[in-house]
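Worksheet for the structure shown next.
The values are calculated or read from the model by the stated rules, or taken from the named source; none is laboratory data. Keep in mind it's a predicted model, so treat the numbers as computed, not measured. Methodologically, a virtual Cβ is constructed for each residue, glycine included, from the backbone with ideal geometry; neighbour enumeration extends over all protein chains shown. Please note that ligands, DNA and RNA were not included when accessible areas were found on the heavy atoms of the full protein model with its side chains. Shrake-Rupley method; radii C 1.70, N 1.55, O 1.52, S 1.80 Å.
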Amino acid sequence: MTPFATAAEMRAVPRSPGFRNGGVSYWFRDVGLPARRPALPGGADYDVCIVGAGYTGLWTAYYLKKARPDLRVAVLEREFAGFGASGRNGGWLSAEFAGSKRRYAATHGKGAVVALQRAMMASVDEVVSVAEQEGVDADIVKGGMRLVATNPAQKARLQEEVAELHEWGYWPEDLHLLDPRGEPRLQVDGAVAAAYSPHAARVHPAKLVIGLAAAAEALGVDVFEDTAVSEIRSRTGGERPCAVTPAGTVRADHVIRATEGFTAGLHGQRRQWLPMNSSMIATEPLSEVMWRHIGWERPEVLGDTAHAYCYAQRTADGRIAIGGRGVPYRFGSARDSNGATPPQTIAELWRVLARLFPVAAEVPIAHAWSGVLGVPRDWCPSVDLDPETGLGWAGGYVGSGVTTSNLAGRTLRDLVLGERTELTQLPWVGRRVRGWEPEPVRWVGTRLVYGLYRGADRRESDRVSRTSRLAGIAGRLAGRE
Ligand SMILES: Cc1cc2nc3c(=O)[nH]c(=O)nc-3n(C[C@H](O)[C@H](O)[C@H](O)COP(=O)(O)OP(=O)(O)OC[C@H]3O[C@@H](n4cnc5c(N)ncnc54)[C@H](O)[C@@H]3O)c2cc1C
């Protein structure tokens, strides 16, 4: 099989008559794009100003107002709440934390990394329980996570990864290999091994972000949409930190950057986090016969263990939504348009879908979309608040921000309130990392790394039964290891 989809394959993808490409995401098509909240009318003064109304910004605002109802909190959003990755993701509310555990352990010790992993598991339950308390109906079902291997190299890697994670905070009941004979459910074609963790829920991303914005507003948070921030400025002399917008400047004691994959667009942040694309397709609903054939009875989220891995969910309305990398990076950190996805990426995602679930290959694709996530130079997420400058941030979650953003929101609350808590001791707090290389090195490097990962996947599916050396080269080049 060719590494990239051919023109014939692109033409062969079955599309439904109402097929949409972009338009933010299938999730927003499902619920309808929201009416926009009013923009910031002019300069203003707040206690805390948050830039970006995705999960990170909204969780931070929500928890701050819950803890201190008297605080004046504003959220400034360029488009509308959920326009970014928070309204486009795969809906894996999982305990996975991106980043090298060894790197965090090098600065804080292994025990702190274990504490971080346990905090992630607790965060899955926290999101489920807040959604319930706040009446946010986001199709949340905690059905766990299943990872499958479809060739011997993936199987070896999965086994090693499970053993490795048992050293870093996952106990056997938190993650274990499945015995295929004892687990007849969920028939993934070609699966040679699988692992299961109960610490994951399936969510409808847009319903979650819409509900979260409403919950924050109900507590008294001011959310301004259609309000683009061009620059965030530190405290200088007697001047408080601020966020600059065309309508005016918002001054606050603390300004929090929660712009993830869009961060490069802010003044002075171009090389901070690399905006990496991830793309998805959603099928039309599958018939009951097909679901029975596949055996995906419980809504566990599903992923594979390829280097260019895929992630999938069974949606509440009976579709398969599946995603992967696509075109990883645009030259010069160019910004996402409205989620429009190249035909080649659509064909490659469909290829994965058809390989894992041949029966679903005849189901037309209803929607394709893309979004951006933020990747720090060392691939390790961070959260911090600098009392000197008054500036805070959280992000660089790579592909695992649905749950991590909740942990970030509670951590930023404690940092803003000046409280030393278990959360503020976690090893991702205060992590500083150098920026990415300038162009064209950044673009060439990213292309090369993802070319190597694809090459490694191809070799593993054709020839080698252990992890291909190409993947190791890619990991070192990327700075992941
Ligand atoms: C296709 C895709 C699939 C994914 N799947 C998963 C998954 O299944 N599980 C998982 O854990 N993670 C997943 N992720 C990652 C996850 O969605 C993100 O990590 C998470 O949503 C980040 O939330 P955020 O609030 O930090 O950023 P975002 O949701 O991107 O929000 C940032 C907001 O800031 C706004 N903004 C940006 N710049 C400015 C500015 N200058 N002024 C004002 N506002 C601004 C943007 O419009 C945006 O609304 C996926 C990501 C993508 C793209």
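Counting just the residues of region 157-183 that are of a type in the set (G, A, S) and open to solvent by 10 Å² or more (accessible area, probe 1.4 Å), which one comes out farthest from R466 (Cα to Cα)?
In the first step, residues of region 157-183 are kept if they are of a type in the set (G, A, S); the result is 163, 169, 182.
Filter again for open to solvent by 10 Å² or more (accessible area, probe 1.4 Å), leaving 163, 182.
Values: A163: 16, G182: 26 Å.
Ranking the candidates gives G182 first.
Would you confirm whether any residue within region 139-155 is open to solvent by 10 Å² or more (accessible area, probe 1.4 Å) and within 30 Å of I256 (Cα to Cα)?
Taking every residue of region 139-155 in turn, at least one turns out to be open to solvent by 10 Å² or more (accessible area, probe 1.4 Å) and within 30 Å of I256 (Cα to Cα).
Pull up region 235-250, narrow it to residues that are touching a residue at least 60 places away in the same chain (Cβ under 8 Å) and closer than 21 Å to R78 by Cβ, then point me to the one that is farthest from the ligand (Cβ to nearest atom).
Filtering region 235-250 for residues touching a residue at least 60 places away in the same chain (Cβ under 8 Å) gives 235, 240-243, 245, 247-250.
The next check asks that each one be closer than 21 Å to R78 by Cβ; those that pass are 241-243, 245, 247-250.
On the way: P241: 15, C242: 13, A243: 8, T245: 8, A247: 12, G248: 14, T249: 13, V250: 11 Å.
Within region 235-250, the match that is farthest from the ligand (Cβ to nearest atom) is P241.
Based on this model, can you work out whether G399 counts as part of a loop (DSSP other than H, G, I, E, B), within 16 Å of the ligand (Cβ to nearest atom), touching a residue at least 40 places away in the same chain (Cβ under 8 Å) and more than 16 Å from A119 (Cβ to Cβ)? Outline the logic, then answer.
Details: part of a loop (DSSP other than H, G, I, E, B): yes; within 16 Å of the ligand (Cβ to nearest atom): yes; touching a residue at least 40 places away in the same chain (Cβ under 8 Å): yes; more than 16 Å from A119 (Cβ to Cβ): yes.
Answer is yes for this residue.
How do the pairs read when you match residues in region 283-303 that are closer than 26 Å to V124 by Cβ with residues anywhere that are among the hydroxyl-bearing types (S, T, Y), using Cβ under 8 Å and keeping only pairs 6 or more apart or on different chains?
Matching pairs, first to second residue: E300/Y196; V301/S94; V301/Y311; L302/Y311; G303/Y309; G303/Y311.
What are the pairs with Cβ atoms under 7 angstrom where one residue, in region 83-101, is free of Cβ contacts under 8 Å to residues at least 60 places away in the same chain and the other, located anywhere, is more than 9 Å from the ligand (Cβ to nearest atom)? Sequence gap at least six, or different chains.
F83/V24
Does region 52-78 hold any residues that are within 11 Å of the ligand (Cβ to nearest atom) and either farther than 16 Å from L212 by Cα or within 18 Å of the chain's Cα centre (by Cα) (or both), and which are they?
Result: G52, A53, G54, Y55, T56, G57, L58, W59, T60, R78.
So if I check each of A228, A214, which one is open to solvent by 10 Å² or more (accessible area, probe 1.4 Å), near the ligand (Cβ under 9 Å from one of its atoms) and more than 23 Å from V433 (Cβ to Cβ)?
Details: A214 fails: near the ligand (Cβ under 9 Å from one of its atoms).
Unique residue meeting the criteria: A228.
Looking at region 61-79, which of its residues are over 28 Å from R29 (Cβ atoms), touching a residue at least 24 places away in the same chain (Cβ under 8 Å) and part of a loop (DSSP other than H, G, I, E, B)? Can you show your working first?
Here is the first cut: in region 61-79, the ones over 28 Å from R29 (Cβ atoms) are 63-74.
Now narrow it down to the ones that are touching a residue at least 24 places away in the same chain (Cβ under 8 Å): 63-69, 71-74.
R68, P69, L71, R72 - these are the residues of region 61-79 that are over 28 Å from R29 (Cβ atoms), touching a residue at least 24 places away in the same chain (Cβ under 8 Å) and part of a loop (DSSP other than H, G, I, E, B).
Which condition does A194 not pass, out of (1) open to solvent by less than 50 Å² (accessible area, probe 1.4 Å); (2) in contact (Cβ under 8 Å) with a residue 40 or more places away in the chain; (3) in a loop (DSSP other than H, G, I, E, B), if it passes all the others?
Just one mismatch for A194, condition (3).
It is to be established whether one or more residues within region 414-437 are open to solvent by less than 40 Å² (accessible area, probe 1.4 Å), within 16 Å of the ligand (Cβ to nearest atom), closer than 20 Å to H199 by Cα and touching a residue at least 12 places away in the same chain (Cβ under 8 Å).
No, that holds for no residue.
Any residue in region 209-226 that is under 19 Å from the mean Cα position of the chain (by Cα) and within 30 Å of G169 (Cα to Cα)? Quick ask: steps written out before the conclusion?
Step one: of region 209-226, the residues under 19 Å from the mean Cα position of the chain (by Cα) are 209-213.
Now drop any that are not within 30 Å of G169 (Cα to Cα), which leaves 209, 212.
Within region 209-226, one or more residues are under 19 Å from the mean Cα position of the chain (by Cα) and within 30 Å of G169 (Cα to Cα).
All but one of (1) more than 16 Å from the ligand (Cβ to nearest atom); (2) in contact with a helix residue (DSSP H, G or I) (Cβ under 6 Å, 6 or more places away or on another chain); (3) open to solvent by less than 40 Å² (accessible area, probe 1.4 Å) hold for W443; which doesn't?
Unmet for W443, out of (1) more than 16 Å from the ligand (Cβ to nearest atom); (2) in contact with a helix residue (DSSP H, G or I) (Cβ under 6 Å, 6 or more places away or on another chain); (3) open to solvent by less than 40 Å² (accessible area, probe 1.4 Å): (3).
Might you check whether a residue that is out of contact with any helix residue (DSSP H, G or I) (no Cβ under 9 Å at 6 or more places or on another chain), surrounded by fewer than 17 Cβ atoms within 10 Å (Cβ to Cβ) and of a type outside the set (A, V, I, L, M, F, W, C) occurs anywhere in region 304-313?
No, every residue in region 304-313 fails to be out of contact with any helix residue (DSSP H, G or I) (no Cβ under 9 Å at 6 or more places or on another chain), surrounded by fewer than 17 Cβ atoms within 10 Å (Cβ to Cβ) and of a type outside the set (A, V, I, L, M, F, W, C).
Between P381, P376, which is touching a Phe, Trp or Tyr at 6+ places or on another chain (Cβ under 7 Å), open to solvent by less than 10 Å² (accessible area, probe 1.4 Å) and modelled with pLDDT under 95?
Working: P381 fails: modelled with pLDDT under 95.
Answer to the selection: P376.
Among (1) within 21 Å of N277 (Cα to Cα); (2) of a type outside the set (S, T, N, Q); (3) open to solvent by less than 50 Å² (accessible area, probe 1.4 Å), where does R20 come up short?
Against the list (1) within 21 Å of N277 (Cα to Cα); (2) of a type outside the set (S, T, N, Q); (3) open to solvent by less than 50 Å² (accessible area, probe 1.4 Å), R20 comes up short only on (3).
Quick one: how many residues across region 132-158 are under 24 Å from F357 (Cα atoms) and not hydrophobic (A, V, I, L, M, F, W, C)? Walk me through how you get there before you give the answer.
Of all residues in region 132-158, those under 24 Å from F357 (Cα atoms) come to 139-158.
Adding the requirement that they be not hydrophobic (A, V, I, L, M, F, W, C) leaves 139, 142-144, 146, 150-152, 154-155, 157.
The number of residues fulfilling the criteria is 11.
Can you pull out the residues in region 256-270 that are more than 6 Å from the ligand (Cβ to nearest atom) and either touching a Leu at 6+ places or on another chain (Cβ under 8 Å) or aromatic (F, W, Y) (or both)? Can you show your working first?
From region 256-270, those more than 6 Å from the ligand (Cβ to nearest atom) are 256-257, 263-264, 267-270; that's our starting set.
Matches in region 256-270: I256, R257, A264.
Surrounded by 13 or more Cβ atoms within 10 Å (Cβ to Cβ) and either more than 19 Å from T245 (Cα to Cα) or in contact with a Phe, Trp or Tyr (Cβ under 8 Å, 6 or more places away or on another chain) (or both), is that true of A5?
Working: surrounded by 13 or more Cβ atoms within 10 Å (Cβ to Cβ): yes; either more than 19 Å from T245 (Cα to Cα) or in contact with a Phe, Trp or Tyr (Cβ under 8 Å, 6 or more places away or on another chain) (or both): yes.
Here the answer is yes, as A5 does meet what is asked.
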